[in-house]
1. Being within 20 Å of Ala186 (Cα to Cα) and out of contact with any His (no Cβ under 8 Å at 6 or more places or on another chain) narrows it down to one residue among Gly140, Gly99, Gly88; which is it?
2. Restricting to region 123-166, name every residue that is more than 20 Å from Ser101 (Cβ to Cβ) and small (Gly, Ala, Ser).
3. Here are some residues: Arg45, Arg34. Which one is in contact with a strand residue (DSSP E or B) (Cβ under 6 Å, 6 or more places away or on another chain), assigned to a strand (DSSP E or B) and among the basic types (Lys, Arg)?
4. Residue under question is Val23, and the condition is that it be in contact with a strand residue (DSSP E or B) (Cβ under 7 Å, 6 or more places away or on another chain), of a type outside the set (Ser, Thr, Tyr), buried (at least 24 other Cβ atoms within 10 Å of the Cβ) and not in a strand (DSSP E or B); does it hold?
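Bear in mind these aren't lab numbers, they're just calculated from the coordinates by the rules spelled out. All figures in this text were calculated on a predicted structure; none of them were measured in a lab. Here the Cβ positions follow ideal geometry from the backbone for every residue, glycine too, while neighbour counts run over all protein chains shown.
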Amino acid sequence: MPPRGGQPPTILAFDSSGPHVAVALHRARALDLRCEATERGQAERLIPLMRAVLAGAGIGWRDLDALAVGTGPGNFTGTRIAVAAARGLALGLGLPAIGISALEAALDPDRPPPGPALASIPAPHGRAIVQPMRAGLPAGPARMIDPAAPPPDLAHGPELLVHGHRAAEIAARLGATAAPPAEGPAVLRIAALAARRLVAHRPGDRPAPVYLRPPDATPPADPPPEHLP
């Protein structure tokens, strides 16, 4: 669905790929943001937070132009919950759902790197997940590394800009440059990136969870959200 009347698109973005549930409403800028720290119970909190954000802005579900969802990698259960909600709501509302990975959201959409970049997000046991990026899009596979000892086959050199988790440490070991930290929670960048893709008529494929390794258990197909307007 294109934005209405040439106006900036109104996008509801949400993410539960970490120990949180985050929802943002975006129209040229963030209009509202709600975040709750939680390691479980994301399914129970996601839809109520969406409703609270919409009510706070005085708009309804049918006023949205698109949905945006964080697709991980991250918490398996939280990621599946958010992606299932995006798919169900998109189907019920007739809206596009745009998936943005946590690594894409590690970069600041308002300051896209002009050259090669490396995105980094936290991983268990003091490690990091990194992915080469170019023009804000993945330019190679994601992988898990030790930030204190990046593998020698990673891109390196002063033209490389490292974004996100432990960027300064990784950059120092690669002879690269650390980007300034992105401001605010990742859901804000998920919303902004989705808006740009919608305006450019590049919403991408149907959102799907991003995993670095298979989930510990493969559940049956995720149910739709608790309520579609």
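1. Sole residue among the options that is within 20 Å of Ala186 (Cα to Cα) and out of contact with any His (no Cβ under 8 Å at 6 or more places or on another chain): Gly99.
2. Across region 123-166, the qualifying residues are Gly126, Ala148, Ala149, Gly157.
3. Going through Arg45, Arg34 in turn, just one is in contact with a strand residue (DSSP E or B) (Cβ under 6 Å, 6 or more places away or on another chain), assigned to a strand (DSSP E or B) and among the basic types (Lys, Arg): Arg34.
4. No; evaluated as a whole, the condition is false for this residue.
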